[in-house]
Amino acid sequence: MVLCAFVLCPREVSNRAVLCPLCCFHFVNDIDSIAEGVEGAITGSSTVQVTHMLHADDLCLTANRPDQLQTMLNRFDEYAKRKRLTINTAKSEVVHFNSHGINVPAFSVGGAPLANKDSSKFLGMVFYRTHNIAKSTEHMLGPFMAGCHRIRQFAREHRLIDRPHALLWLAKCYAFPASMYACQIWGTWFMKKGSEFDSPLQTAHLCFLKSVLGVKRSTPNWAVLRECGQEPLQFRAGTVACSRRLCMQVLLKLLLTESAGLRSS
């Protein structure tokens, strides 16, 4: 038996606390109310428009019309006050995608103006107002280069510099996963024929492999990848997307099977 009871908390929960996303999720499970009657931003599908995206305690509001975005901000301010939540306006930013010039609408929350930025980070990926996917890829160079530096340092400390297979396995475990965040978004741009090596992240990847093998920079890229048993990094985006789709199909099948079993019993 599990006993549950309400406990008074004398202090606020820090946004870095482990309980913060969980508490926020239970408090904002009706956040959709701020988008009622709002069309939202258009997408690649003419029948789909997005008003907001929520992940834990991070909220992103999208709209094509400035008045509708300000309407959602006003509702969100009232919503937060009603829930006794605090909006961190210092970390809240506005990005005017595909905008030209400096004459752009200004937005505010509870009287506090929101800063206009050329880019914004959401779930680990940087989105630029020009929709420059190649520039978003450059943001992933930092984690990749840091991972490669740590691998070389580890190899020197444990005398593994002359063992290429060990360096490749370490790269697969540490450097590559660190640079694959949001690869389903930025990776698709470089999956076109002839664009496999246009990514700056892929350039750094090939430089690392060639240094491990001890070959010249002029060595053909495909030959280096085959020798190392690897493929262009952005190809992992398709693998991840397919694996997630397969997992969802298996989960849905299990749920349907279990539901049918419960009905028959």
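The values are calculated or read from the model by the stated rules, or taken from the named source; none is laboratory data. No experiment lies behind these values; they were computed from the predicted model shown. Glycine also receives a Cβ, built like all others from the backbone with ideal geometry; neighbour counts cover every protein chain displayed. For the accessible areas, the whole protein counts, side chains as well, though only heavy atoms, and no ligand, DNA or RNA atoms are used. Shrake-Rupley method; radii C 1.70, N 1.55, O 1.52, S 1.80 Å.
The table for this structure:
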quantity: Matching residues in the stretch 124-166 - criterion: being part of a loop (DSSP other than H, G, I, E, B), open to solvent by 70 Å² or more (accessible area, probe 1.4 Å) and not charged (D, E, K, R); calculated: Thr130, His131, His158, Ile161
quantity: Residue ID - nearest to Leu123 (Cα to Cα), chosen from residues in the stretch 40-60 that are among the small types (Gly, Ala, Ser) and modelled with pLDDT under 85; calculated: Ala56
quantity: Unmet requirement for Asn116, which otherwise passes all of (1) surrounded by 12 or more Cβ atoms within 10 Å (Cβ to Cβ); (2) out of contact with any helix residue (DSSP H, G or I) (no Cβ under 7 Å at 6 or more places or on another chain); (3) part of a loop (DSSP other than H, G, I, E, B); calculated: (3)
quantity: Gln68, sole failed condition from (1) assigned to a helix (DSSP H, G or I); (2) within 14 Å of Val38 (Cβ to Cβ); (3) open to solvent by 30 Å² or more (accessible area, probe 1.4 Å); calculated: (3)
quantity: Unique match (being at pLDDT below 70, open to solvent by 70 Å² or more (accessible area, probe 1.4 Å) and of a type in the set (D, E, K, R)) among Arg217, Arg244, Arg226; calculated: Arg244
quantity: Search result, residues across the stretch 200-213 that are free of Cβ contacts under 8 Å to residues at least 60 places away in the same chain, of a type in the set (A, V, I, L, M, F, W, C) and surrounded by 18 or more Cβ atoms within 10 Å (Cβ to Cβ); calculated: Leu206, Leu209, Val212
quantity: The listed residue being at pLDDT below 85, among the hydroxyl-bearing types (Ser, Thr, Tyr) and either in contact with a His (Cβ under 9 Å, 6 or more places away or on another chain) or closer than 24 Å to Thr86 by Cα (or both), out of Ser120, Ser136, Ser99; calculated: Ser120
quantity: Hits in the stretch 95-105 - residues which are in contact (Cβ under 8 Å) with a residue 12 or more places away in the chain and either closer than 23 Å to Asp30 by Cα or loosely packed, with under 13 Cβ neighbours inside 10 Å (or both); calculated: Asn98
quantity: Filter pass, Leu19 being closer than 25 Å to Met125 by Cα and at pLDDT 90 or above; calculated: no
quantity: So Gln49, is it touching a Gly at 6+ places or on another chain (Cβ under 7 Å) and open to solvent by 40 Å² or more (accessible area, probe 1.4 Å); calculated: yes
quantity: Residues being open to solvent by less than 40 Å² (accessible area, probe 1.4 Å) and modelled with pLDDT under 85 - total across the stretch 167-199; calculated: 12
